[in-house]
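The values are calculated or read from the model by the stated rules, or taken from the named source; none is laboratory data. All values reported here derive from a predicted model rather than from experimental measurement. Here the Cβ positions follow ideal geometry from the backbone for every residue, glycine too, while neighbour counts run over all protein chains shown. To get the accessible areas, we keep the full protein, side chains included, count just its heavy atoms, and leave off ligands, DNA and RNA. Shrake-Rupley method; radii C 1.70, N 1.55, O 1.52, S 1.80 Å.
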Amino acid sequence: MKVAVAGCCHGALDKLYETLELLQRRHNVRPDVLLCCGDFQAVRNEADLRCMAVPAKYRHMQTFYRYYSGEKKAPVLTIFIGGNHEASNHLQELPYGGWVAPNIYYLGYAGVVRFRGVRIGGISGIFKSHDYRKGHFECPPYNQQTIRSAYHVRNIEVFKLKQLKGPMDIFMSHDWPRSIYHYGNKQQLLQMKSFFRQEVESNTLGSPAASELLQHLKPAYWFSAHLHVKFAAFMQHQTTSKEELPKATKFLALDKCLPHRDFLQIVDIEHDPNASDSLEYDAEWIAVLKATNSLINVTSSSWNMPENNGLHAKWDYSVTEEAIKEVLEELNHNLKIPSNFVLTAACFDPSKPQKHREPVHTINPQTTEFCAQFGLTDINDRIQQAKEEGSVRGEYEEEEEEEEMDSAGSAEEPSEYNTDNSGLSSINPDEIMLDEEGGDEDLSTCSVDPSPDHPPDFSTSFSDIRIMPDSMVVSSDDAMDSNNEDLEKSGASKQAEEKSLNERSLKRVGCNENGNSGMKKIKRRNQAIYAAEDEDKTE
């Protein structure tokens, strides 16, 4: 089947679907499913905008609300994971996954589903070591800390995924697995994104948690986004025994949804022609959720997952064939995910903007139904119970005090990973940056100007839609393999374009009409970041 893969969507659903329609008209290629690798931005209303961790000038109502309200329907089944710029309050309603709109499915904090026999998994968010071992304790209304920590990957999700034994066809993460750049054309990557060099050379670029999952799951394909550059790699996995067949992963990262950017790829993947055309639950994943349900934590306290170190009575939560059969029997062997989407918040109305709409903590009926069916804990219900008891509110206050102590140099309990790197270079001029030192713009500030009802049709100006080559092997920094010719041809022009953008914007910001320096003092380490962002209005 044909799988369309997209990088950071940033709420530009209309443009994304228009591009797929253009692909069908020009090349007679119609994808069977669309996968989005994060920063989807399922924003329903003004309150959702307040829960999105971006500077106020980037809080714009895009086009998702039209799909949420039913005004429009996604023309192709769309499956996505969360990134680091999301309406976190909306996605938090569906910790185990669910429909955010008809035909648009969110995989949850971590999730695995099947479509036409193809097994698709993913993990939402980005890696930050100081939040990695905490529970999912955040809930709206968020403060300056929790609006960010809400999208940070947690060790329990990685632990659950590591219990899987069955083969994985496709896996998605927002940030890249650490070290994956060593298996592709690293030289070309650094030509296009020179500011990655220090982290690439020190091997700190990317998520160590995602790297751990890559080594364990060994999927046939791994798709990512986040760094706003197209990059292909081929990783041959080492076998652990003579009986094990060698496995390899084709990795592909894609750019953001903007004209002339490599944000979309079509991949041909073998599927089971006898399998259902409906999106289905994965029986092993459901069994793992049931087995690990007792490990759920909704506090901000740091804790480690069970491991074979003499401290835990049980550390292996992988499931047996019997447990999987029990799940199948519970479902009467009908794995189809029910089409039970329901509105849980008021939809944005362009004629009646509600600029002061407040976010609320909501329990989604889809999650309630899912948890009741499989005997799982509804995380949001647990959080609300804790809030009523007063414990979570106290932890929030303690968390703020701990954050202040950490920023002053107090040592936090060590993480199992020794870095605090989200997988994004601190000087990437192509990414929306949040000021980690404080001084964030007011969370209540947002723009509610909708996209025009009839936006100009500039789909034809998007980068050509390219078919992924059969092989993406790039074994050397100096290799300019013909399989990556499309990347090579665009690399120099893209680099020149970014350079000219930086030069123009620096000139505009740096001087006033009299030629005197007018740049105001900025806390962050690289003033060029702001200048580049002014030219490139989306991340």
Order 234-245, 44-55, 286-297 from most to least packed using the mean count of other Cβ atoms within 10 Å. 44-55, 286-297, 234-245
Top positive-direction residue, dipole computed over segment 2-392 with Cβ charges, set Leu376, Leu213, Ser129: Ser129
Could you state how much accessible area Trp99 has, in square angstrom rounded to the nearest 10, with a 1.4 Å probe and all protein chains kept in place? 20 Å²
Accessible area per residue, Å², segment 2-392 with all protein chains present, probe 1.4 Å: 36 Å²
With Cβ to Cβ distances under 12 Å as the rule, what net charge do the other residues near Asn293 carry (K, R +1; D, E -1)? +2
Taking only C-alpha positions in segment 2-392, Rg and Dmax in angstrom work out to 20.2, 66
Could you tell me the accessible area of Cys371 in Å² (1.4 Å probe, neighbours in place), rounded to the nearest ten? 10 Å²
Ignoring ligands, DNA and RNA, what percent of the accessible area of segment 76-221 is carbon or sulfur (1.4 Å)? 46 percent
Quick one: ranking Lys325, Lys72, Lys128 by accessible area, 1.4 Å probe, largest first, what do you get? Lys325, Lys72, Lys128
Expressed in nanometres to one decimal, the distance between label points 7 Å along Cα→Cβ at Glu326 and His356 is 5.3 nm
Gap separating the Cα centres of segment 259-290 and segment 199-234, nearest whole Å: 19 Å
May I ask which of Lys162/Lys247; Lys193/Lys230; Lys290/Lys325; Lys193/Lys218 have a Cα-Cα span longer than 20 Å here? Lys193/Lys218
